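Shown next, in structure tokens, is the structure this report addresses.
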Amino acid sequence: VAGADEVPVGHLFHGRLLGRELAVWRDPGGGVHAWDNRCPHRGVRLTAGTHCGGRIRCRYHAMEFDRDGACVHVPAHPGLPVPSRLRATAHACAEAFGLVWVSLVEPQDLPGLPVERPAGPLLALRPMPVRAPADRVLDALAGAHAGRVLGRTDLSLAFEPAAGCPEAVLFLLQPADRDRCIIRGVCFAPQQDSALLLRRYNLRLRTLRDSLEAGAHAPAPEEPLWAVEAVP
Ligand code: FES
């Protein structure tokens, strides 16, 4: 749901996975966390709040939540015990391949990938949002990239080095919702200057995005993600 460098300590990253908004953040120890982007008190987006060391403070009533999502401070009632229902919905979250991964269903290992992580440096590419479903984008990537396909899963595709692309590359699709996805990618053992490599892939992915979106209808307005519940 994010590049590792998009989630520095102190920042609240707004992610999206399968139609769900996420607040992704890093604690001072380096651990990454992904919560539903909704304060359990009155539903305000947590990404509008503040990162205070190992806690997140909601912008509305300034309640604070620890790294497990439990509310640990209610400024309006500092002397009273905190109700246990005040807990952010936390999802399994891990960091690997220079990316932050989230599982919405239950704590899981990383999904099966079509390549092993080779030894040596890697470079995470800039994300490219595309207004098209993931399976269509994966087919377009398979046809557009030089190099032999090393392996493919439902949401990833790996290529071996080729002329003009001297590094192996793994593309991963983040399904933001039914009609939109984000192309992420990792180059293994990059041989070029990082800035040049990022520019080269960015240009290619932008061309791919433009061809996929050409002629596509504007997407329908998004459905509200949650019904707002009255909270006593
Ligand atoms: S809405 Fe977040 S603390 Fe009240």
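The values are calculated or read from the model by the stated rules, or taken from the named source; none is laboratory data. As the structure is a prediction and not an experimental result, all values here were calculated from the model. Every residue, glycine as well, gets a Cβ built from its backbone with ideal geometry; the counts of neighbours run over all protein chains shown.
Structural remarks
- Sole exception among (1) within 16 Å of PHE13 (Cβ to Cβ); (2) of a type in the set (A, V, I, L, M, F, W, C); (3) away from the ligand (no atom under 13 Å from the Cβ); (4) surrounded by fewer than 18 Cβ atoms within 10 Å (Cβ to Cβ) for VAL32, by number: (4)
- Annotation for the range 128-150: no member residue is touching a Gly at 6+ places or on another chain (Cβ under 6 Å) and in a strand (DSSP E or B).
- From ASP193, ASP210, ASP139, residue being modelled with pLDDT of 90 or more and surrounded by fewer than 11 Cβ atoms within 10 Å (Cβ to Cβ): ASP210
For every residue, the table says whether it meets (1) outside any strand (DSSP E or B); (2) within 18 Å of the chain's Cα centre (by Cα).
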| site | (1), (2) |
| --- | --- |
| ASP68 | yes, no |
| CYS71 | no, no |
| HIS77 | yes, no |
| PRO81 | yes, no |
| SER84 | yes, no |
| CYS93 | no, yes |
| TRP101 | no, yes |
| LEU113 | yes, yes |
| ARG117 | yes, no |
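- Breaking point among (1) touching a residue at least 40 places away in the same chain (Cβ under 8 Å); (2) under 19 Å from GLY30 (Cβ atoms), for GLY69: (1)
- PRO118 at pLDDT below 95, more than 16 Å from the ligand (Cβ to nearest atom) and touching a Gly at 6+ places or on another chain (Cβ under 7 Å): no
- In summary, LEU86 fulfils each of the numbered conditions (1) farther than 28 Å from GLU213 by Cβ; (2) modelled with pLDDT under 90; (3) in contact with a Cys (Cβ under 7 Å, 6 or more places away or on another chain) with the single exception of condition (2).
- Of all residue pairs spaced 6 or more apart or on separate chains, those with beta-carbon atoms under 8 Å, a first member in the range 34-53 that is closer than 20 Å to VAL102 by Cα and in contact (Cβ under 8 Å) with a residue 40 or more places away in the chain and a second member that is of a type in the set (Val, Ile, Thr) and near the ligand (Cβ under 8 Å from one of its atoms) are ARG38/VAL44.
- Residues that are within 12 Å of the ligand (Cβ to nearest atom), surrounded by fewer than 18 Cβ atoms within 10 Å (Cβ to Cβ) and not in a loop (DSSP other than H, G, I, E, B) within the range 35-56 comprise ALA48, THR50, listed in sequence order.
- Candidate set: the range 155-189, residues that are exposed (fewer than 15 other Cβ atoms within 10 Å of the Cβ) and out of contact with any Leu (no Cβ under 8 Å at 6 or more places or on another chain); chosen: the one modelled with the lowest pLDDT: GLY164
- The set of residues in the range 57-66 that are assigned to a loop (DSSP other than H, G, I, E, B) and either more than 9 Å from the ligand (Cβ to nearest atom) or among the aromatic types (Phe, Trp, Tyr) (or both) comprises TYR60, ASP66.
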